[in-house]
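The values are calculated or read from the model by the stated rules, or taken from the named source; none is laboratory data. In this text the structure is predicted, and so the values were computed from the model without any measurement. With ideal geometry, Cβ positions are generated from the backbone for all residues, glycine too; neighbour counts draw on all protein chains shown.
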Amino acid sequence: MAGDVYRKAYEFWDKPEIVSTGRQPSTPSREFISIRSGHVVLEALKRAEDGRGVIARVYSVSSERNQAIISLWKNFTATEVNILEEAVGNHEIKAHGSVQLELQPFEVKTLKLELDRQAS
């Protein structure tokens, strides 16, 4: 229970807002984004200011180093960006559906995720 305090707090205070899209029964259902990690939280997901891709802000809620796997339904490119959505360093990660992140204790990371238009 102690390791899940942050999750219980989010469940209590931050109820998700659900918007119906009028999906047809024949339309397959997919997760847009998923994060696999015991102690990494997706704090924000928004459209990038330049209109190309989305910005995902994640952070570690643990006092230990953590790894997280971020997955999308399609191939994408992930670039670590700062709060102004400018690339940090010179590394771009080509992902085949998922990317692995390493986070320091309580670290916040912001990623720009762009769908790979070259992939089928």
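What is the one condition in (1) part of a loop (DSSP other than H, G, I, E, B); (2) modelled with pLDDT of 90 or more that Thr79 does not satisfy?
Thr79 satisfies all of (1) part of a loop (DSSP other than H, G, I, E, B); (2) modelled with pLDDT of 90 or more except (1).
Checking Leu84 against (1) in a loop (DSSP other than H, G, I, E, B); (2) surrounded by 12 or more Cβ atoms within 10 Å (Cβ to Cβ); (3) not charged (D, E, K, R), only one condition comes out false. Which one?
Of the numbered conditions (1) in a loop (DSSP other than H, G, I, E, B); (2) surrounded by 12 or more Cβ atoms within 10 Å (Cβ to Cβ); (3) not charged (D, E, K, R), the odd one out for Leu84 is (2).
Return the residue satisfying two criteria in turn: it lies in the range 16-49 and is among the acidic types (Asp, Glu) and farther than 23 Å from Pro105 by Cα, and of such residues it is modelled with the lowest pLDDT.
Filtering the range 16-49 down to residues among the acidic types (Asp, Glu) leaves 17, 31, 43, 49.
Pick out the ones that are also farther than 23 Å from Pro105 by Cα and you get 17, 31, 49.
On the way: Glu17: 66, Glu31: 76, Glu49: 96.
Among those that are among the acidic types (Asp, Glu) and farther than 23 Å from Pro105 by Cα, it is Glu17.
So, in the range 60-70, how many residues would count as being surrounded by 18 or more Cβ atoms within 10 Å (Cβ to Cβ) and in a strand (DSSP E or B)?
Qualifying residue count, the range 60-70: 4.
So, Glu64, is that one over 29 Å from Asp4 (Cα atoms), of a type in the set (D, E, K, R) and more than 15 Å from the chain's Cα centre (by Cα) or not?
no
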